């Protein structure tokens, strides 16, 4: 019972934060709400017994990615946007379609019964017996997903190089200030 | 045990917020943040699904998604800085070079 | 409900768990919040000692001066009762939130630090840290990576150029040194094969030649440097370089919120000191005397042994707190490009090589 209460409270807060991220006029405040969003999502992950992913979520998302966002906002000194911070004229049709899709999906999800779960090999008990969540994830990651893992490291390397090349100051360029 | 459908509903809400942000925000940084929101909705689906079917592939996939999101944020923000240097703004409505 | 029923209720597992949790939280909270006043005093008296002057030694209770120990209390009272001035154009929510967030993150890290071995109370195993996490290591890294928001928000929200520049410097520094910090801790995980902090302490044992500092000396050096950088302390305190930036990110803060910044800084210093002792110096293990021997020596009362372990941890942490003060009054401040160069061009490669060597040695040992 208390678990359900926790989930609904967290879900409510996540919804509020998500809406605030999108609608707030001030980019820094949006970033703060995004941090709240990610932190609460990590809590949901932890309640789903995914401790490793929860820790990584806070470490990488809230601790690195959003800090970068905040850093760039401060670097460019972006103030609050004017009244027209949302794109006007808003294509009402798109809003309508998206809202209808959303409500139908959520309604269907909440009204229909639970999808039947297939019994996989890593039930919580099996994970506990195997040496905990982190250990088991590492085992899966380094056996079944070795190649994707290596490729993702190359991807990071490429992204680092790309970011440096793109953001490097070009001396010939006109600098606006 | 909370039904997986509730997790999926929450993910839908987050994903829709993200989509609306990408479509309707003028600020390029906010567009990137909305993309992060959408990726996180997907993460939630993966973790909830992984718990439902007792398979850890979902959580490993979240690990990869976070990796890709970090790359995306790094390159995206570098592009935002470059654009700001070039045009002095990060509003999408001013960046219409490709529209001809 | 009668007294017997109440006692019976108190002896159920849930009740014991809840009571133990409350006591643990109180212990950690009280200890952490006692650190700043003492440290403020040490930080004034120690340089006075080093520079052959007296330092503040007047404030006392009636005729007992206590070497000026009450000075911190007087300062706190002064700060709390000052008028609050919020700069015009400040973002109110972020401005008020930033110092609170600093204290919050520091205390949250303190939750994961084990201050004693597992106790058996009424047949129930109680782990002596506020939360016993199997990903304690990652938890600490994750929460300490959130500490940068304090600086960022404080600088941005006060609507002042000095504060903004100071916070840009400080946050760039904290992000940069987070990476060597992580890199210095990964070899420890490789060596001990666990992310559970208490497990790490247990497997270090009581003898100093098995402690983390001997097994991974390079890691310890890297961690020590990162400790200073992460808390924005001298010689890495250019975020608050007085001669250039007034006071950095907390230029516009005064009264109780300024005190809260101090609180957060000292608590996070203390928590990092505890972490250094836990990971590299055997945590609550008293040197040369194994835990079992201590339990035997005190006549089988495990709680006395736990108390001794707690004291030992505090003593070890106090040593690092002293190192903080010592370094601050010994080394001059870095230049900003030197700071960044040290972080990215020296410590990160050293950390990577250290990790590689550690992994190779561990693999060789296992193969052997």
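Structure summary
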quantity: Relative packing of peptides C:330-336, B:50-56, C:354-360 - highest average C-beta neighbours within 10 Å first; calculated: B:50-56, C:354-360, C:330-336
quantity: Inter-centroid distance (Cα atoms) of region C:50-96 relative to region C:1-46, Å; calculated: 27 Å
quantity: Ranked list, fewest to most other Cβ atoms within 10 Å of each Cβ, for C:258, B:63, A:142, C:346; calculated: A:142, C:346, C:258, B:63
quantity: Mean residue ellipticity (222 nm) of chain C, computed from DSSP H runs ≥ 4 via -39,500 (n - 2.57), nearest 500; calculated: -22000 deg cm²/dmol
quantity: At 1.002 mPa s and 20 °C, Stokes D of region A:1-86 from Kirkwood alpha-carbon radius, µm² per second; calculated: 154 µm²/s
quantity: Degrees separating the helix B:28-52 axis from the principal Cα axis of chain B, which is the longest one; calculated: 10 degrees
quantity: Net length gained if the chain between residue C:65 and residue C:327 were fully extended (0.36 nm per residue, minus Cα distance); calculated: 91.5 nm
quantity: Residues in region C:37-61 reached by a label modelled at residue C:79 [backbone nitrogen below 14 Å; 7 Å Cα→Cβ]; calculated: C:37-44
quantity: Global form of chain C, assessed from the alpha-carbon gyration tensor, a/c cut-off 1.5; calculated: oblate
quantity: Protection proxy ranking, peptides B:84-92, C:289-297, C:135-143, C:216-224, average beta carbon neighbours within 10 Å, highest first; calculated: C:135-143, C:216-224, B:84-92, C:289-297
quantity: Simple spin-label estimate for residue C:210 and residue C:121 in nanometres, 7 Å along Cα-Cβ; calculated: 2.8 nm
quantity: Gaussian network model of chain C, springs between alpha carbon atoms under 10 Å - residue of C:109, C:18, C:308 with greatest fluctuation; calculated: C:18
quantity: FRET E, pair residue C:13, residue A:125, Förster distance 30 Å, beta-carbon r, rounded to 0.05; calculated: 0.90
quantity: Extension gain (nm, one decimal) between residue A:98 and residue A:25, 0.36 nm per residue minus Cα-Cα; calculated: 24.1 nm
quantity: Coordinate range along principal axes, alpha carbons of region C:258-368, Å, largest first; calculated: 58, 54, 24
quantity: Förster radius 25 Å - calculated FRET efficiency between residue C:104 and residue B:68 (Cβ-Cβ, nearest 0.05); calculated: 0.25
quantity: Directionally averaged shadow of the protein assembly as shown, computed from the convex hull of its alpha-carbon atoms, nm²; calculated: 36.3 nm²
quantity: Average other protein chain Cβ within 10 Å of Cβ, residues A:137-148; calculated: 3
quantity: Average beta-carbon neighbours from other chains, 10 Å sphere, peptide A:124-130; calculated: 1
quantity: Gap separating the Cα centres of region C:157-209 and region A:28-71, nearest whole Å; calculated: 18 Å
quantity: Of C:256, C:276, C:234, the one that fluctuates the most in a GNM where chain C has Cα springs shorter than 10 Å; calculated: C:256
quantity: Label point distance in nm, residue C:311-residue C:52, each placed 7 Å from Cα along Cα→Cβ; calculated: 3.8 nm
quantity: Separation of the residue C:356 and residue C:335 label points, Cα + 7 Å toward Cβ, nm; calculated: 3.1 nm
quantity: Pairwise FRET efficiency - residue A:157 versus residue C:5, Cβ, R0 = 45 Å, nearest 0.05; calculated: 0.10
quantity: Inter-chain shielding of B:83-89 (mean C-beta neighbours from other protein chains, 10 Å cut-off); calculated: 4
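Any read-out appearing in this document is the output of simple, stated calculations on the displayed coordinates, not a laboratory observation. The model shown is predicted, which means the values in this text are computed figures rather than measured ones. Backbone-built Cβ (ideal geometry, glycine too); neighbour counts: all protein chains shown.
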